[in-house]
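Since every read-out is calculated from the coordinates, none of them should be taken as a lab result. Not measured: the values here are computed from a predicted model. Don't worry about glycine lacking a Cβ; one is built from the backbone with ideal geometry, like all the others, and counts go over all protein chains shown.
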Amino acid sequence: MVNGSDKAIREILIVGGGSAGWMTAAALSNVLTQGCSITLVESEEIGTVGVGEATIPPIRTFNQMLGIDEREFVRETQGSFKLGIEFVDWGSLGNRYFHPFGPHGKPYDILSVHQQWLRDRNSGEDSSLDELSMAWQLAKAGRFNVPSPDGRNVLSTFDYAFHFDAGRYARYLRGYAEQRGVCRVEGKIAEVRLNCETGFVEGVTLEDGGTLDAELFIDCSGFRGLLIEGALQTGYEDWTHWLPCDRAVAMPCAKSGEPTPYTRSTAREAGWQWRIPLQHRTGNGYVYSSKFIDDEAALETLLANLDGEPLADPNQLRFVTGMRRKFWNRNVIAIGLSSGFMEPLESTSLHLIQAGISKLLALFPDRDFDPIVSEEYNHIAITEFQRIRDFLILHYKLTARDDSELWRYCSAMDIPDTLQFKIDHFRRYGRHIARDMDLFGAPSWHAVHIGQGNMPDASDPIGAYRNDEGREWLRKLRAAMTAAAVEQPTHQQFIDRHCKAPAA
């Protein structure tokens, strides 16, 4: 019998720092505790994008895997808490809705809460679906607490994530990784050396003449894709015909009042603006399409819609929404922006880093680099990207806005068949059709469908066999959520008690 350990990978090189590089380094150093050297090379001159400041709940699983204390993490990153995303002016001008973390309410019986809500709506009720979300009841009241462990309590029916300073998070994880043996090298890569027979990457040469060799390479070099594209020419699938925004300008501003426990996304003439409240400032950015607005006008739009005084010069970004044709090519795995770009509409940037790391740990190779392993990795990664892509397109497609060229284009554009089927099915029956590796579950899809006006022609046929007691159940549910929300500490009070950061 062959001893598998003699094929074990002993040297890993991570190319690039930032959130992707240091999240990868932290996770690998936590798992590969002996017998493997991990090196990360980055250049302070190059810098990082650093705008991934809003997250979704799975980030908590990643931090827990590393054994990170949540309150210490929030304090060290000037963080705050996030119950979901408020969308403004997306379906139509003046329209608002909330994408909550967690379900809408607790079912009365076999019929889901949103289906019972649809039945009541068809009978003349005019309440909002948002009011049946514990996350929204807390968010609109400016309150926060951790969920109750008691499943009978309405305070158990929500989830949460974080807002934080992405640069501080990377530095925090750098300290974590270096304590566990990761070696950081400062330098710019001048050349990537390939094996002339296999085409595998053998090492890199730095501008100062130094060399770094490894067996497994993790490309965290950002949009450049220094290894996955620059050296291996993997190819890229462009999705801008569905997701037309290709620019962003980001700028922090002084905080105004207490931080809200949610992110806000406001649709503008040629894109949308994010607002992310931290303890020491507010993060802002305008994601837009260069076909419909120029850079100067986009910056003017952002500046005109800040809560407070700008705290830094604008950071201009250019991108092409899409993905690499392979995420794992030969002995290189792309993680983060090097693998593809999904605009930050639903705060998936850091999650996709986390997902890449999780797949790497689940399908970790040996020195044989068996193609069956990379094929499975690529299948999962590509499917995940496509599922998230469809969810983002949903926001653009479901609009009644016709006040600008962008929104007229989006409402008329053809969309992937996989998404069109979901839209059609919901429009007929109010049902969400799930697919393998959907990151966003039914409550998320329900929120966007209903929030942006894709109202079903009819509710679920099984509702015809239920009595009317569900209406009273929803009334009690709304009342219980409203009462529970105002009993919780304000978001600021919770932060002050448990994770207040020192003055920046």
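Computed quantities for the displayed model
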| item | result |
| --- | --- |
| Estimated dipole of segment 64-123 in Debye, rounded to 20 [Cβ of Lys and Arg +1, of Asp and Glu -1, Cα centre] | 260 |
| Dimensions (Å) - the chain, Cα atoms, principal axes, largest first | 73, 53, 49 |
| Segments 302-311, 470-479 sorted - mean Cβ within 10 Å per residue, highest first | 470-479, 302-311 |
| Lys/Arg +1, Asp/Glu -1 at C-beta; the chain dipole; positive extreme among VAL287, PHE369, ALA214 | VAL287 |
| Segment 77-174, dipole about Cα centre (Lys/Arg Cβ +1, Asp/Glu Cβ -1), debye to the nearest 20 | 520 |
| Built amide H within the under 5 Å cut-off of LYS82, gap 5+ | ALA161, PHE162, HIS163 |
| Listed residue (TRP473, HIS241, PRO443) projecting farthest to the positive dipole end of the chain, Cβ model | TRP473 |
| Global geometry of segment 407-504, whether rounded, prolate or oblate, following the gyration tensor of its Cα atoms and the 1.5 cut on a/c | oblate |
| Gyration tensor verdict on segment 1-120 (Cα atoms; rounded if a/c is under 1.5, prolate if a/b is larger than b/c, oblate otherwise) | prolate |
| Extension gain (nm, one decimal) between ASP238 and PHE364, 0.36 nm per residue minus Cα-Cα | 42.5 nm |
| Debye intensity ratio I(q)/I(0), log10, segment 289-386, q values 0.20 Å⁻¹ (C-alpha model) | -0.98 |
| Mean Cβ neighbour count within 10 Å, used as a protection proxy, ranking 244-251, 12-19 highest first | 12-19, 244-251 |
| Sequence ranges 212-219, 435-442, ranked by mean other-Cβ count within 10 angstrom, highest first | 212-219, 435-442 |
| Theoretical ellipticity at 222 nm over the chain - DSSP helices of four or more residues, -39500 (n - 2.57) apiece, nearest 500 | -10500 deg cm²/dmol |
| Residue exposure sequence - HIS99, HIS379, HIS395 - by fewest surrounding Cβ within 10 Å | HIS379, HIS395, HIS99 |
| Residue among LEU40, LEU173, LEU299 farthest towards the positive dipole end of the chain, charges placed on Cβ | LEU173 |
| Relative contact order, percent, segment 116-240 [alpha-carbon distance under 8 Å, six or more residues apart] | 10 |
| Segment 292-397 - charge dipole about Cα centre, Lys and Arg +1 at Cβ, Asp and Glu -1, debye rounded to 20 | 640 |
| Segment 245-292-segment 448-504 distance, computed between alpha-carbon centres (Å) | 25 |
| Principal axis box of segment 196-345, alpha-carbon based, largest edge first, Å | 59, 35, 29 |
| Ellipsoid semi-axes in whole angstrom, largest first, where each is sqrt(5λ) of the Cα gyration tensor of segment 132-246 | 44, 22, 14 |
| Distance from segment 52-103 to segment 171-212 (C-alpha centre basis), Å | 33 |
| Exposure proxy ranking, count of Cβ atoms within 10 Å, fewest first, for VAL182, VAL332 | VAL182, VAL332 |
| Cβ-based exposure ranking for ARG75, ARG408, in which fewest neighbours within 10 Å come first | ARG408, ARG75 |
| Tensor-based shape of segment 67-150 (alpha-carbon gyration tensor, a/c under 1.5 rounded, otherwise prolate or oblate) | oblate |
